[in-house]
Amino acid sequence: MLTCAYTAGVDLLLGIGACVKPTPAYPNGRTGTRAGYMAHYFAHEDACMECRQGNRTAVSDDRKADPEHTLRGNLWARFRMTLEDYYSLLERQGGACAICRVTAPTDVRTSRFHVDHDHACCPGRKSCGGCTRGLLCHGCNTALGNFADDPARLQAAIDYLANRSLSHVS
C-alpha cells in the first residue's frame, strides 16, 4: 500500500494520506496526481512528495498547452481585466508603453507591459477594474511608483532635470 509521510489524525497512525484513499475516479488512489495533491489540500495536510511532483508536472503541462493561462488568471485576480481587455488596451496604445512609447516590454521576468491603475482609488496591488490607466513598461511603472503617483513630485523632477547642469568636482 502507498503511504504519505505527511498526514494527520488517525490516518497518521495508519500511514494513510488523503491521496491514498480510493475514489470512484481513482479506485487505486490518487497518489502522484494533481487530484492527489488537491486531496491533501482539502484535507488540510501537507502533500506527499509524489503528489507535489505530480502537481508540478500537471502545471507544467498546462503552461505548455496554454502559455497565457497564468497571465489570464493574474489579470483577472489583480485588475478585474480579461486577456482580451489587455490586448485591446495595448492595441489602443499602439502596442507601446503609454508614457515612453517603447514597443518592447522591458520587464525581464514577464516580458509583458505592466497594468497601471489609480492608487487613489485602489491602494495596493489590486484594482477594482474601473481605475485602469494604461499599460506601462517596467521602467515607467517603477518611476511612477517611486514618485508615489504624485504629479507635483514628477513636476519637481522635470524642473530639476531641465534647470540643473552637471557640475564636475575638481
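The values are calculated or read from the model by the stated rules, or taken from the named source; none is laboratory data. Remember, predicted model here, so these are calculated numbers, not experimental data. Cβ: placed from backbone, ideal geometry, glycine included. Neighbour counts: every protein chain shown. Just the protein is used for accessible areas: all its heavy atoms, side chains included, with ligands, DNA and RNA removed. Shrake-Rupley method; radii C 1.70, N 1.55, O 1.52, S 1.80 Å.
If contacts are Cα pairs under 8 angstrom and at least 6 residues apart, what is the relative contact order of segment 89-170 in percent?
On the way: 73 pairs, mean separation 21.4, N = 82.
26 percent.
Which shape class, rounded, prolate or oblate, goes with segment 47-128 when its Cα gyration tensor gives a ≥ b ≥ c as root eigenvalues, a/c under 1.5 marks rounded, and past that a/b bigger than b/c marks prolate?
Working: a/c = 2.55, a/b = 1.77, b/c = 1.44.
Because a/c hits 1.5 or more and a/b exceeds b/c, segment 47-128 counts as prolate.
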*Neighbour cut-off at most 15 other Cβ (10 Å), DSSP loop, trypsin sites (Lys or Arg not before Pro), segment 95-170*: Arg101, Arg109, Arg125, Lys126, Arg164
_His117 accessible area, assembled protein chains, probe 1.4 Å, Å²_ = 10
*Which whole-Hz couplings ³J(HN,Hα) result when phi for each residue of segment 52-64 is put into the Karplus expression 6.51 cos²θ - 1.76 cosθ + 1.60, θ = phi - 60°, listed in order with x for Gly and Pro?*
4, 5, x, 5, 4, 5, 5, 5, 4, 5, 4, 5, 5
*Give me the Kirkwood hydrodynamic radius of segment 79-170 in Å, from all C-alpha pairs, to one decimal place?*
14.7
*At 1.4 Å probe size, with every protein chain present, just tell me what the per residue accessible area of the chain comes to in Å².*
67
*Residue (of Ala96, His117, Gly32) at the positive-pole extreme of the chain, dipole from beta-carbon charges*: Ala96
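How many times 2.2 N^0.38 Å is the alpha carbon radius of gyration of the chain? Provide the component values of the computation, followed by the final result.
On the way: Rg = 24.5 Å, N = 170, 2.2 N^0.38 = 15.5 Å.
For the chain, the normalised Cα radius of gyration is 1.58.
Can you give the extra length, in nm with one decimal, that the chain gains between Leu154 and Lys126 once fully stretched, where that is 0.36 nm per residue apart less the Cα-Cα distance? Don't skip to the answer; put the middle values down first.
Numbers: separation 28, 0.36 × 28 = 10.08 nm, distance 2.33 nm.
7.7 nm is the gain from fully extending Leu154 to Lys126.
Determine the share of the chain's accessible area contributed by carbon and sulfur atoms, expressed in whole percent, with a 1.4 angstrom probe. Mind dumping the intermediate values first?
Values: 6560 of 11430 Å².
For the chain, the apolar C and S fraction of the accessible surface comes to 57 percent.
Pull out the extension gain between Cys100 and Glu68, defined as 0.36 nm times the separation in residues minus the alpha carbon to alpha carbon distance; nm, one decimal. Can you show the working numbers first?
Values: separation 32, 0.36 × 32 = 11.52 nm, distance 2.55 nm.
Taking Cys100 through Glu68 to full extension adds about 9.0 nm, to one decimal.
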*Return the long-range amide H neighbours of Arg133 (sequence gap of 5 or more, or a different chain), with a cut-off of under 5 Å between placed amide H atoms.*
Asp116, His117, Asp118
